[in-house]
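These notes concern the structure reproduced below.
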Amino acid sequence: MDQCAAIECLDVVEFTVIDIVNQRISAKASERLAEVMTSPACNLLNFAREVKLTKSEVTCGIQSLKQVGWRCDDRCQEFILRSDILGLSTLVTAQNTRKPDGCSESTVLGLFHVESPALYALGDDIANGALAEPCHISGAVRRLDGEPISGARIDVWPADEEGLYDVPHDSKSDALARATFIAGPNEDYCFRSIVASPYSIPHQGPGDRLLGAFGRHSWRPAHIHFLIEAVGYEPLITHVFRDDDSYLPSDAASVVCRPLIANWVRYPAGPTPDGSVSATSFCTLNFDFVLAPAAAQV
Ligand SMILES: [Fe+2]
């Protein structure tokens, strides 16, 4: 920094602070880091100016972020939740997964994905004691031209009727309703699991309190997560929602998009699609996925 610039930096006042902070970030940072950090710094300072942020409001915001940090551990990621609530997760997902029309929509991964769940055979029952009505789930994984993609790897995980994924269950070590499948040679997949249920983000947490301050509830509409990977195609991370869920228009995480809403059909006790006879009522879900070819982002 030359002597003039150094002297300018001694005049950090209301109308010079944005430029000076940007200079200081950019001075020795890499080009990309400077780009990524000067924009939010600039926007943050402009935001503070536009709304005439008060000291007590800054203190309140810092306190809220402190509480978010306190709530983060290996089992709870409150910062991801904050990103979800503010729509950042959906925006970043969308702008990094642009794909040709006709491909399945991508969504956020969510908080409860587990790497490499147990591999099951097509047709297996993966509920493993999970609490909820049985559900027979099937569909296909295809290319844009409708041709099958055989051998796609499919991870699935829904929440049970108590609104819990198996991850927070302390008393059970085996995965519940969570599995990996390999799609068949004709692109099909099928398995027996549970009907997905709506769930609330953690009560009494900073995310819950923020939503309350907005006058919003903290519920996510019922959905099952899918992660689908196949050689030569972009990975697909997505949800499939239940069309009968009243929380669809007000998802606490702002994830719902129309093509991912499906009809989960309820049947009384009796014959099921896999040839068995259910002693209880059950549902079926049929949902097809279309993968984008690798590097097809637009
Ligand atoms: Fe979820």
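Read-outs throughout are calculated quantities, based only on the coordinates presented, and are distinct from any laboratory measurement. Just so it is clear, the model here is predicted, and its values are computed rather than measured. Note that each Cβ is placed from the backbone with ideal geometry, even for glycine, and that neighbours are counted across all protein chains shown.
I'm checking a number: the convex hull volume of the Cα atoms of region 120-245, normalised per residue, in Å³. What is it? Walk me through the numbers before you get to the answer.
Numbers: hull volume 17.3 nm³, N = 126.
In region 120-245, the Cα convex hull volume per residue is 138 Å³.
Which value results for Rg/Rh of region 51-91 when Rg is the Cα radius of gyration and Rh the Kirkwood radius based on the inverse mean 1/r?
Details: Rg = 12.3 Å, Rh = 11.4 Å.
Reported Rg/Rh (Cα atoms, Kirkwood Rh): 1.08.
Starting from the eigenvalues of the Cα gyration tensor, five times each then square-rooted, give me the equivalent ellipsoid semi-axes of region 193-234, largest first, whole Å. List each step's numbers first, then the result.
On the way: eigenvalues 190, 42, 13 Å².
Taking √(5λ) for each Cα gyration eigenvalue gives 31, 14, 8 Å.
To the nearest 20 Debye, how big is the dipole of the chain about its Cα centre, given +1 on the beta carbon of each Lys and Arg and -1 on that of each Asp and Glu?
Numbers: 24 positive and 39 negative charges, 118 e Å.
Dipole size: approximately 560 debye.
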Check: Using a Gaussian network model of the chain with C-alpha springs under 10 Å, which one of Thr107, Thr272, Thr238 is most mobile by mean-square fluctuation?
Finding: Thr272
Next item on the list: With label points built 7 Å along Cα→Cβ from the Cα atoms of Ala94 and Ala279, find their separation and express it in nm.
Entry: 4.8 nm
Item checked: the chain, Rg to Rh (Cα coordinates; Rh as Kirkwood inverse mean 1/r) -> 1.07
Check: Which far-off residues, 5 or more places away or on another chain, put their amide H under 5 Å from the one on Val195, with H placed in the peptide plane?
Finding: Glu133, Cys135
Next item on the list: Quick one: among Glu31, Glu57, Glu161, which has the greatest mean-square fluctuation in a GNM of the chain with alpha-carbon springs under 10 angstrom?
Entry: Glu31
Checklist line | Dipole of the chain, positive end: most advanced residue of Gly151, Pro221, Ala292 [Cβ charges, Cα centre] | finding: Pro221
Notebook entry, point to check: Considering the alpha-carbon set of region 41-165 alone, what are its Rg and its Dmax in angstrom?
Noted result: 20.8, 60
Item checked: Cα centroid separation, region 79-156 to region 170-217 (Å) -> 11 Å
Next item on the list: For the chain, set up a Gaussian network in which alpha carbons nearer than 10 Å are linked by springs, and say which option among Asp208, Asp174, Asp160 fluctuates the most.
Entry: Asp174
Item checked: Hz values of 3J(HN,Hα) by residue in region 81-97 - Karplus curve (6.51, -1.76, 1.60), Gly and Pro given as x -> 4, 4, 5, 5, 4, 8, x, 5, 4, 5, 4, 5, 4, 4, 6, 9, 10
Checklist line | In Hz, Karplus ³J(HN,Hα) per residue of region 207-215 (6.51, -1.76, 1.60; θ = phi - 60°; x = Gly, Pro) | finding: x, 4, 5, 5, 4, x, 5, 7, x
